[in-house]
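For reference, the structure discussed in these notes is given below.
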Amino acid sequence: MTPTLTIDQQTIPITGERNLLELIRKANIELPTFCYHSELSVYGACRLCIVHVEGRGLLSACSTLPQADMVVKTQTQEIRNMRQIIVELLLARHDQSCTTCPKSSNCQLQDLAQKLGIKTNRFKLRPNSFPIDESSDALVRDPNKCVLCGDCVRICSEIQSVGAIDFANRGSAAMVMPCFGKDLSKGECVYCGQCARVCPTGAITIKSEVEKVWGLLDDPRSFVIAHIAPAVRVALGEAFGFESGQQTVGQIIAALRLLGFDKVYDTAFTADLTVIEESTEFISRLEQGGPLPQFTSCCPAWVRFVEQFYPEFNKNLSSCRSPQQMFGSLAKSLIPSQINRDRKDVKVVSIMPCTAKKTEAHRSEFITGGERDTDYVITTQELIRMIKQAGIRFGELESGSFDMPLGFKSGAGVIFGSSGGVSEAVLRYVVNKSIDFLEVRGIDGLRETSIMHEGREIRLAVVSGLHQARLLLERIKKKEVIYDLIEVMACPGGCIGGAGQPVYHDESSRKKRAKGLYENDRTMELHCAQENPYVQELYTTMLENPGSKKAHSLLHTRYKNRKRNIGEDITISAASENRKVEITICFGTHCFQKGAQTLTRQLSDYLHINQLNRWVEIKASFCYEKCQKGPLVKIDSQVIEQATMDKIVSQLLMILKV
Amino acid sequence: MKKSAFRKFDKVCDILALHKLNPARLIPILQAVQEEYRYLPEEIIAFIASSLHVPAAKVYGVATFYSHFTLKPKGKYVFKVCDGTACHVKRSMGILDAIREKLKLKEGESTTLDLLFTVETVSCLGACGIAPVLVVNEDVHGQMTPEKTVILIDHILQKEATHE
Amino acid sequence: MNNQSFIDSTLNVIQAEYEKQIQLLTHRITICAGTGCVANGSLKVFDAFRTQLNQRQLLVSLILKDEQRSTYLSKSGCQGFCQIGPLITIDPGNIFYTAVSENDVDEIIEKTILKGEFVDRLLYKDAFTGQRCTCAHDITFYKKQQRFVLEKCGKINPDDIREYIYHEGYRAAAKACQELSDIEICSFILESGLRGRGGGGFPTGLKWELTRKQVSDNKFIICNGDEGDPGAFMDRSVMEGNPHGVIEGIIIASKAIGAQEGYVYVRAEYPLAVRRMKKAVEDARKLGILGQHILGSDHSFDLIVMEGAGAFVCGEETALIASIEGNRGIPSPKPPFPAESGLSGKPTLINNVETFAAIPLIFNCGLEFYNALGSEKSKGTKTFALTGHVVNTGLIEVPFGTTLRHIINDIAGGVTNEDGSVSIDALKAVQIGGPSGGCLTHEHLDMPLDFDSLKSIGAMVGSGGLVVMNQSTCMVSMARFFMQFTQNESCGKCVLCREGTRQMLELLDDIVSGQATPRTLLIMEELAVAIQKGSLCGLGKTAPNPVLSMMKQFREEYEEHVIHKHCPTGQCVALVPLKIDPDMCKGCSACLHVCPVNAISGSKGKPYQIDINLCIKCRACIPICKFKAIKGA
């Protein structure tokens, strides 16, 4: 017999729930909580989910194991009092400007205060007034609205394994902040925005570009183009009473037209293009023997993650730009001549499920002639706000249709929005057939499959969530696994779970959105990118062949080593002369173990004895990505591999002589 | 000077090696580094974080959680006035006031501009039997009074003056 | 190698050698080198003895060696009576000198060492009898105690493992490792009735059994030496005075639960305890008492001494684990309990220093003896750090069930008034259990102190701080002091503790500054109860205890502050009556207009007056006065 327990007089079976909170939800009671997320570890800090367990008193439901025959009460005067005190305590420290907060009407604290009927606060109001961090292009951090639930900290470390933000200080001085309390843009953030997604209040929000887009739309000189990413169309409707996953692309197009966009295109068009470019690159890597595995590069948070934490894998990233950036570059080279306007008059606004896309648009590689290829990126949430602001009755709109040709796509481009979609699209290209690869669909952390191609097995892996990606990279480094193609999306579930989407609280809405995309693919005429006639035409008229020089200049990019972007190299011994030689010694783990320290010591002694100190500066740095050839020492710009004192000294003397 | 800057960095490497680059040893590592530098310089925290493959934000979080870590240089003489219960009931705060007044420290300041003195309170040094207690660097002074404290500071100032 | 042979080959050999060396001694001078005596200059006394004995060409040994007849100059851990330190003991004769300075050394050598005479002025003069006491055990302070855990502290040289072994040390551990099964050890401890000395008083045997039952490839032991209560230093003294006793207890526990690795987490404010523990661990390792196949058994166990970094909350088990793992010392919700999933997710046993130190002693004295100590449900003895307004302060140990009256009157020598006079009537309250505990008053003087009796009145043993307060102490300021402490030490994780203690402090600030209304007390009580019931960890749950208990015992004093804006002890500066200095007042009437209750009267041009019965001490008049004529202490 299944064990049961009693929740507010209901008998509820215990079926392996991890904690009382989940069981109480099963009993159709929504306990308030700030710090509980089924995908994160139990934290137990907000104390809001407190319940009364007979014989044990008040316990937090999130951290209590369900036991047979427990008698649980979720509503007593004592509990109500407790919740009221907690919310009042939080409000006493909270920024008081609710009305102007971007999270207003969507804020869990506000919502709870209202539900609890809090009219006055018995405690002293002591709101913080820390500076607001607007340094990044994607996110805004307002510590004055933080309730210290730690959701952002845990998602950043547990799901994304980035750790860009953490708690600092103690007690009532405790705060969530990037390292050294610096701006977010100075740290290790990859701008996936998952922190903003889980933040119950307005402490981390998306940096809005709505005002700038309104500005463009009002400017008669601008020809404003919008393009809509696949994941947006299955989520935006949620804000207007549609079910998650329900297609509302027609209404979105109509709304964008009403807002004043001159053309509305589909990012899935350049997704098709990405499939072709990326598959071509992959096949050429297969033929030329590498470097493999090839990683997808559509996700800017993932790209930044590699550049920052695993730059040794930069070469494995596909050189293809993301669909957003392909679109910008393509649109700005095609459209001006078509409409007989200057390039600078054509403005591209992309509608994305993603916050990292905002940062991607600012990368220097994607600036042409001083102008960004993608002018502005607005997230699904921002577009919702624009629609609401304009008073458009979204649900009542007549469906519109995309402008051509950049609005045409195959199903391959559409499924990009779900984790596994890119892989499936590439596979359809490689086998040149429209078949469904169900192995790569789903929500498991790691999915894999293999196909035969020209007598060779191609091994493919799909991961979403950067922690999963990190685990995979580590296994690849240890040669525990071998793959040829790996798709990585930073957000769990892929773009449908992006931080720019309407906020969701459980996995089910993510599943529904994914289902919506695959459904869309199923009902379309074409399923393979290579079948897209407009893409074919583009190659004929402009791009020549996939992977051509022209294609490379418009659709591909390069990556940078962004490791150790906190602070500069450490100066161990400074030189006093202006004409100095700079010796930088690598102190990465490998070089450290191979004797970088001894070398530094000997060098320091040598300089001292020979009185060269004032001419030579010694610095410590991190990892030149040639770990096998360590210890590495750089003298001015010359890198010495497997450095020894002899090698260093002879090079040094040579330079000093000159 | 140059040599000593290197020595310190060299020591940090030794400390990391001694703890086998084990992130679980973060606290002893930071303690040892602070012993060397007398505080935790930012670039050294970043260096430690990179070496241990731990996010710098986490190391910063640990460094700011524990009261023994300091991110600012402290004075040559660190005065710790015990404000444990036993010392408190024996009016230890009068001693603190006397020190702050003598050193002319303003509200919110804890270190003198010449980096000679730092004044802080601690919550019980476990020497309650001889309360109230003042610790100067490692030396414990029991049964202190504001008057005795001022004399002690004068002694230090005299000693410093003759050294120079 | 079996157990018998380890005892034979190692422990017995060391014991015999040591015995021989002792026989060769002419004198032994034991100088207390606990933190208190060191602060009073005991190390200078030590050095003076060494140089002056040398000058007189008397052979001095600092380590016992079997060479020639010599005088052994030894350091000891804390002897408990820090107030009258430096303390030294001279054998033969067990002569006890107090407040010795380096200037006394010459005379001591001349008279006591060479002639066997007493230096009268250095002998302790008993406050009760007026007699000079030659030995420590003649002194009432010591005589009225029962030193069990502290027995060896202050007698043996903590840095010499051989002396610990000489006093039957490590035999209980050898027996446990070789002859007893894990189950037998656990049930022995359970039968002893020992309860955890860290605060809550959880039965130690039960905790061990819970951890023992867990199946795991590895288990850990943590000795909690993060004694953070302001006003408590029992664990420090034990670690400084008898580190091997603690290690032996840990070894027995490791065998009982099957742990291979342990940590001693010592509070950072205790550098001497860290040094002594580290040395003791090294010495034990050298003798095969820690490490692989310890004490000649097949059990392996090693210890790491880790220094805390300054966070009271790390005394909480889960926060302690987080700290050892290199994280911020933040508690996590229980369950899972450390016994199930602790350090690195493995079953972990955490006990406090005093608990571990009691283990080998219980083995050595036997169940019958131990069961007879203490009260019905709280067995054994408890150490207390006795401080505050009493004649004798220091470290004491008494059996559970002892009354407060016995401790205050007999051991502490009575309560001191501000003028120095002594009487039990001077007692206002005793704070027990530090910032997590509560306060006791006259009505509790004859209540037997143990875990349960204290709990029943809303106090707790805690780690054992006993702060005696006389009538001059303001109970609102005291509550504020404790609240300030917990507020400072809150880790900041859960809302109730982080924000709640901050608000409570604000409310108390209002009371001491005269800003409170009767509603303040109401809100404070509501909030205090919410923090008690709803906080995540023990620190939060117990943080309101001092306030609640003081409000209960001294309600009138609180109301006096709130309603009449008057502090009976005069400690709350802001509540001291305001006065207008007639010499400075120019009679401008500015104050009169700003006073919200019309408490100021007078006629223009002449000095005004404040009616203290009307004045609510809002202090609005002070800044308004250009002539600085209005004063309030």
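The values are calculated or read from the model by the stated rules, or taken from the named source; none is laboratory data. Since the structure is predicted, the reported quantities are computational estimates derived from the model, not experimental observations. Here Cβ is always computed from backbone atoms with ideal geometry, including for glycine, and neighbour counts include all displayed protein chains.
Values for this structure:
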quantity	calculated
Residue ranges of helices (runs of 4 or more DSSP H) in the stretch C:316-403 with at least 3 members surrounded by 22 or more Cβ atoms within 10 Å (Cβ to Cβ) and either within 14 Å of another protein chain (Cβ to nearest Cβ) or not basic (Lys, Arg) (or both)	C:317-324, C:353-365
Residues of the stretch B:52-79 classified as without any contact (Cβ under 8 Å) to a residue 40 or more places away in the chain and more than 7 Å from every other protein chain (Cβ to nearest Cβ), total	8
Hey, B:LEU113 out of contact with any Gly (no Cβ under 8 Å at 6 or more places or on another chain), modelled with pLDDT under 85, surrounded by fewer than 17 Cβ atoms within 10 Å (Cβ to Cβ) and aliphatic (A, V, I, L, M) or not	yes
Test for C:CYS37: is it within 14 Å of another protein chain (Cβ to nearest Cβ) and either over 24 Å from C:CYS78 (Cα atoms) or at pLDDT 90 or above (or both)	no
Complete set of residues in the stretch A:1-51 that are part of a loop (DSSP other than H, G, I, E, B), buried (at least 23 other Cβ atoms within 10 Å of the Cβ) and in contact (Cβ under 8 Å) with a residue 60 or more places away in the chain	A:PHE34, A:CYS35, A:TYR43, A:ALA45, A:CYS46, A:LEU48
Candidates A:VAL414, A:VAL430, filtered to the one that is over 25 Å from A:MET352 (Cβ atoms) and either assigned by TED's automatic domain parsing to the domain that holds A:TYR265 or among the β-branched types (Val, Ile, Thr) (or both)	A:VAL430
Cross-chain or 6+ apart pairs with Cβ under 8 Å, the stretch C:291-317 first and free of Cβ contacts under 8 Å to residues at least 24 places away in the same chain, then surrounded by 24 or more Cβ atoms within 10 Å (Cβ to Cβ) and not in a helix (DSSP H, G or I)	C:GLY291/C:PHE301
Within the stretch A:320-402, helices (runs of 4 or more DSSP H) holding 3 or more residues that are of a type in the set (Ser, Thr, Tyr) and on the phi > 0 side of the Ramachandran plot	none
Matching option when the condition is more than 7 Å from every other protein chain (Cβ to nearest Cβ), more than 12 Å from the chain's Cα centre (by Cα) and of a type in the set (Gly, Ala, Ser), among B:ALA131, B:ALA98	B:ALA98
In the stretch B:108-128, the residues that are in a loop (DSSP other than H, G, I, E, B) and of a type outside the set (Ser, Thr, Tyr)	B:GLY108, B:GLU109, B:LEU113, B:ASP114, B:LEU115, B:LEU116, B:CYS124, B:LEU125, B:GLY126, B:ALA127
The listed residue being more than 28 Å from A:CYS189 (Cα to Cα), in the same structural domain as A:SER401 (by TED's automatic domain parsing) and crowded, with 24+ Cβ neighbours inside 10 Å, out of A:ILE351, A:ILE276, A:ILE339	A:ILE276
Residue pairs meeting the criteria (Cβ under 7 Å; at least 6 apart or on separate chains; first farther than 21 Å from C:GLN532 by Cβ, in the stretch C:444-469; second surrounded by 23 or more Cβ atoms within 10 Å (Cβ to Cβ) and basic (Lys, Arg))	C:GLY464/C:LYS382; C:MET469/C:LYS428
Check on A:LEU653, out of contact with any strand residue (DSSP E or B) (no Cβ under 9 Å at 6 or more places or on another chain) and more than 10 Å from every other protein chain (Cβ to nearest Cβ)	yes
In the stretch A:452-474, the residues that are free of Cβ contacts under 8 Å to residues at least 60 places away in the same chain, surrounded by fewer than 15 Cβ atoms within 10 Å (Cβ to Cβ) and within 24 Å of A:LEU286 (Cβ to Cβ)	A:MET452, A:GLU454, A:GLY455, A:GLU457
Helices (runs of 4 or more DSSP H) within the stretch C:520-633 that include 2 or more residues in contact with a strand residue (DSSP E or B) (Cβ under 8 Å, 6 or more places away or on another chain) and crowded, with 20+ Cβ neighbours inside 10 Å	C:545-553
Answer from C:PRO158, C:PRO92 - the residue that is within 30 Å of C:ILE7 (Cβ to Cβ) and touching a helix residue (DSSP H, G or I) at 6+ places or on another chain (Cβ under 8 Å)	C:PRO158
Total residues in the stretch A:332-353, condition touching a residue at least 24 places away in the same chain (Cβ under 8 Å) and either among the acidic types (Asp, Glu) or under 26 Å from A:ARG385 (Cα atoms) (or both)	9
Some residue of the stretch C:475-482 being more than 30 Å from C:ALA309 (Cα to Cα), modelled with pLDDT of 90 or more, surrounded by fewer than 24 Cβ atoms within 10 Å (Cβ to Cβ) and out of contact with any Gly (no Cβ under 7 Å at 6 or more places or on another chain)	no
Breaking point among (1) buried (at least 22 other Cβ atoms within 10 Å of the Cβ); (2) more than 30 Å from A:GLN338 (Cβ to Cβ); (3) in the same structural domain as A:LYS347 (by TED's automatic domain parsing), for A:ALA229	(2)
Where B:LEU113 falls short, out of the listed (1) at the interface with chain C (Cβ under 7 Å from one of its Cβ atoms); (2) more than 11 Å from B:PHE79 (Cβ to Cβ)	(1)
C:GLU269 vs. criteria within 14 Å of chain B (Cβ to nearest Cβ), over 24 Å from C:ALA339 (Cα atoms), surrounded by 24 or more Cβ atoms within 10 Å (Cβ to Cβ) and acidic (Asp, Glu)	yes
Failed criterion for A:PRO200 (all others in (1) touching a strand residue (DSSP E or B) at 6+ places or on another chain (Cβ under 8 Å); (2) more than 14 Å from chain B (Cβ to nearest Cβ); (3) not hydrophobic (A, V, I, L, M, F, W, C) hold)	(1)
Count of the stretch C:492-519 residues which are more than 10 Å from chain A (Cβ to nearest Cβ), outside any helix (DSSP H, G or I) and not small (Gly, Ala, Ser)	2
Only one of A:LEU607, A:LEU555 that is within 11 Å of another protein chain (Cβ to nearest Cβ) and either surrounded by fewer than 22 Cβ atoms within 10 Å (Cβ to Cβ) or in contact with a strand residue (DSSP E or B) (Cβ under 8 Å, 6 or more places away or on another chain) (or both)	A:LEU607
The one condition in (1) within 30 Å of C:CYS177 (Cβ to Cβ); (2) surrounded by 14 or more Cβ atoms within 10 Å (Cβ to Cβ) that C:ARG28 fails to fulfil	(1)
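Residue-wise test of (1) assigned to a loop (DSSP other than H, G, I, E, B); (2) within 14 Å of chain C (Cβ to nearest Cβ); (3) farther than 28 Å from C:GLU340 by Cβ.
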{"residue": "A:GLY55", "(1), (2), (3)": "yes, no, no"}
{"residue": "A:LEU65", "(1), (2), (3)": "yes, yes, no"}
{"residue": "A:ALA68", "(1), (2), (3)": "yes, no, no"}
{"residue": "A:GLU78", "(1), (2), (3)": "no, yes, yes"}
